[in-house]
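Input: a single structure, listed below in structure tokens.
The values are calculated or read from the model by the stated rules, or taken from the named source; none is laboratory data. In this text, all values refer to a predicted model and were calculated from it rather than measured experimentally. We place every Cβ from the backbone using ideal geometry, glycine too, and count neighbours over all the protein chains shown. Just the protein is used for accessible areas: all its heavy atoms, side chains included, with ligands, DNA and RNA removed. Shrake-Rupley method; radii C 1.70, N 1.55, O 1.52, S 1.80 Å.
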Number of protein chains: 2
Amino acid sequence: MSRASDRAYNHIRSMILSGELQPGSQIREEALAELCGVSRTPVRDSLRRLEAEMFVRRNDSQRSFVANWSLDDLEDAFQLRAMLESYAAKRAAMRITREQLARMRIHNAQLKQAVDAVHPDVPRFIDHNRQFHAIILEAAASERLTSMLAQVTEQPVVLRTARQYDLENLRRSHHEHDELLIAFENRDGEWAAAVMTAHIRRAFHAYAEAHSTDTEIGKTDLAA
Amino acid sequence: MSRASDRAYNHIRSMILSGELQPGSQIREEALAELCGVSRTPVRDSLRRLEAEMFVRRNDSQRSFVANWSLDDLEDAFQLRAMLESYAAKRAAMRITREQLARMRIHNAQLKQAVDAVHPDVPRFIDHNRQFHAIILEAAASERLTSMLAQVTEQPVVLRTARQYDLENLRRSHHEHDELLIAFENRDGEWAAAVMTAHIRRAFHAYAEAHSTDTEIGKTDLAA
DNA sequence: GTGCAGCTTATTGTATACAAATGCCATTCG
DNA sequence: CGAATGGCATTTGTATACAATAAGCTGCAC
């Protein structure tokens, strides 16, 4: 982390994810270099990486822009995520350890608490949800899969405002996680994969519905 | 293509795929820079890209190495490829044009000729096969999918010596392609996806079998 | 007033110099 | 004799300078 290159990468990436760098806006190496307090060299390194991860795009005259996804792109990403994460579940079912299962149960209990409390804490839910899924990926033990999933899982925050999923949906996630845990305990990869597919698809539909009703955000952010 | 950076990228990539740069061997920026006739800067750019595409790996002290895949990694790649390419087939079924179908038929006829001739021409088969699959990807029209598939489709040549698939297997590929074409004509995405899954899986099994009997290459190339 | 030409400016590409870090080897001390 | 340590060599990281390219603008001609 002490490398300027890594700092620049993380900085830029988080600026994209947080929406600080707006989708579609042009990126100038010099400007980012000043922002990160480094020279253009590490910024360029970072841009190449982010480009490969499709967070950054370039036009034919080598100008860089923050990726701006259409709703189609987004649905495509969710489809890919459903497939990849189901595959992860299948692999994980064969390899997962008791210790990993225990950690998953903890996170699942925590995310349940987060939405069942009198004052629901959605960010906390999101965090434990993320960790729950991360353990599956860890158990799947495929570097390639991990890097591919990163590309379709992390998305700019402007496209998934925190309050968008209603609590009912969040609670259903919790129950689907329960079912995943049972599938893992039985080391039933097919079952785990099927549950995961349903889980991700449902999440997307909830998401798409929330956005189709929210015409204001939908119109402005999802326009090409 | 006139950019030194692109030239370096293509050069290094092809050296990896051809086996000229052996899996596991260390990469020194300076050496590659001389080889490509450029400075270290574009070489570094290329290495970052190739790293993101998992053709190049780095240890914890920032040294780069040509990726060296285990048999497990390879099977993993094929599984991913089966999923991704099935998804491509599904998308393609909805979008493919008459013109694209026509081109696919031409390539399929050509690859049939290549293996049915008195002197079978395996490289020619491979080329038309590649183009056949490329058209499906083109019809699927998903950039993300395209870049992901590139990572699991292109592999060092040392791991797939030209003669490895016997002609019988190649002919079966031709017939599976025929079935894909019918599925596309009927715009039946599920069918196309199912055929594609079977197609890729069979190809992997033929491949794995050829390699398990060829202990010499298997031992030397697939060792960690 | 409109369109094109050429220049000006902004931005990226490349090379090089130097700094930092890593690995290797030899030397020394227990 | 083995392990630890210090310094040297190799390799990568970063900054900067300059070259090349593309965009934008100004002014001229029609």
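Okay, here's what the table says:
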| read-out | value |
| --- | --- |
| Surface accessible to a 1.4 Å probe, B:S14 within the full protein complex, Å² | 60 Å² |
| Within segment A:74-139, GluC sites (Glu not before Pro) in DSSP loop having at most 10 other beta-carbon neighbours inside 10 Å | none |
| Phi to ³J(HN,Hα) by Karplus 6.51 cos²θ - 1.76 cosθ + 1.60 over segment A:179-191, Hz, x for Gly, Pro | 5, 4, 4, 5, 4, 5, 4, 8, 6, 9, x, 5, 4 |
| Sequence of A:S147, A:S39 from largest to smallest accessible area, 1.4 Å probe | A:S39, A:S147 |
| Residue-level accessible surface for B:M94, protein heavy atoms, 1.4 Å, Å² | 130 Å² |
| Fully extended contour minus Cα-Cα distance, from B:L17 to B:A109, at 0.36 nm per residue | 30.4 nm |
| Net dipole in debye of segment A:4-66 [+1 Lys, Arg Cβ; -1 Asp, Glu Cβ; about Cα centre; nearest 20] | 100 debye |
| 5 angstrom amide H check on B:V56, placed H, neighbours 5+ away | B:E51, B:A67 |
| In order through segment B:142-150: 3J(HN,Hα) via Karplus (6.51 cos²θ - 1.76 cosθ + 1.60), integer Hz, x for Gly, Pro | 9, 4, 4, 4, 4, 5, 5, 5, 4 |
| Chain B: angle of helix B:71-95 to the longest principal axis, Cα-based, in degrees nearest 10 | 50 degrees |
| Stokes-Einstein D in µm²/s, Kirkwood radius over Cα pairs - segment A:71-222 at 37 °C with 0.692 mPa s viscosity | 208 µm²/s |
| Electrostatic dipole magnitude of chain B [Cβ: Lys, Arg +1; Asp, Glu -1; Cα centre; debye, to 20] | 620 debye |
| Among B:R172, B:R63, B:R105, residue whose mean-square fluctuation peaks in a GNM of chain B (springs only between Cα atoms under 10 Å) | B:R63 |
| Interchain or long-range residues, amide H under 5 Å from B:S64's placed H | B:I27 |
| Spin-label pair B:R63/B:V122, simplified geometry with 7 Å Cα→Cβ offset, distance in nm | 3.5 nm |
| Sequence of A:E30, B:E176 when ordered by accessible area, the most exposed leading, probe 1.4 angstrom | A:E30, B:E176 |
